[in-house]
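J.: My questions all concern the structure below.
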């Protein structure tokens with residue numbers, strides 16, 4: 001009788017861009033994933049902008065309510 | 001725009017089982033290369049599509065990390081510095097050797113372009129997590 005074990009690898013790749021002095025210019029986060037679900041740079045910027053708008057809106061609402 | 005894909009390729013499976021042997025035949029997949037190819041990573045890949053010839057592969061630091069269960073993840077971290085000419089980097093891979101004439105490809109990734117100028121570097125972090133399938 002043969003026993004067959006299974007081990008499935010799933011890889012991700014993250015990246016940071018550095019300048020000549022080793023300072024981080026941009027942290028890109030996950031740039032490639034098994035499902036192809038890494039967000040594009042444009043999508044990340046759009047999400048960040050939306051999050052900032054929501055935070056600002058919430059702060060304004062808290063300020064108005066106080 | 002390159003497809004966002006990362007694959008432990010067929011040769012990567014061979015490297016994995018080989019490295020479990022008491023006396024492995026091949027080396028660790030610790031050498032990082034980058035390139036400008038945009039064809040999505042595929043299981044049968046054995047090389048990068050268009051390696052950037054200006055820079056040599058660099059050795060990464062390999063560690064065991066914990067994602068879900070203890071030490072279930074192999075991590076390789078390494079940096080390549082752009083020295084020849086600026087480029088839009090769209091692929092990266094892990095190899096068993098410094099030179100392209102020897103060794104095997106373990107993993108290939110393709111992704112949106114990362115523009116680098118001479119003097120810029122990219123620090124790549126490769127994580128390969130194993131589970132029971």
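All of the numbers you see were taken from the coordinates with simple rules; none came from a lab. Just so you know, these numbers come straight off a predicted model, no measurement behind them. Here the Cβ positions follow ideal geometry from the backbone for every residue, glycine too, while neighbour counts run over all protein chains shown.
J.: Shape verdict for chain B, please, from the Cα gyration tensor: rounded (a/c under 1.5), prolate (a/b greater than b/c) or oblate. Could the numbers behind the result be given before it?
T.: Values: a/c = 1.67, a/b = 1.56, b/c = 1.07.
Prolate is the answer for chain B, as a/c is 1.5 or above and a/b outweighs b/c.
J.: Modelled label-to-label distance, residue A:1 and residue B:39, 7 Å Cα→beta-carbon offset: nm?
T.: Result: 4.5 nm between the two label points.
J.: Please arrange B:71, B:45 by how many other C-beta atoms lie within 10 Å of their C-beta, fewest to most.
T.: Values: B:71 11, B:45 22.
Listing B:71, B:45 from fewest to most nearby Cβ atoms yields B:71, B:45.
J.: Sort segment B:51-119 into rounded, prolate or oblate with this rule: let a ≥ b ≥ c be the square roots of the eigenvalues of the Cα gyration tensor; rounded if a/c is under 1.5, and if a/c is not under 1.5, prolate when a/b is larger than b/c, oblate otherwise.
T.: Working: a/c = 2.22, a/b = 1.63, b/c = 1.36.
Judged from the Cα gyration tensor, segment B:51-119 comes out prolate (a/c at least 1.5, a/b above b/c).
J.: Can you sort A:4, A:24 so the residue with the fewest Cβ neighbours within 10 Å comes first?
T.: A:4, A:24
J.: So, R0 is 30 Å and r is the distance between the beta-carbons of residue A:8 and residue B:63; what FRET efficiency does that work out to, to 0.05? Each step should come with its number before you reach the end.
T.: Values: r = 21 Å, r/R0 = 0.69.
After rounding to 0.05, the efficiency reads 0.90.
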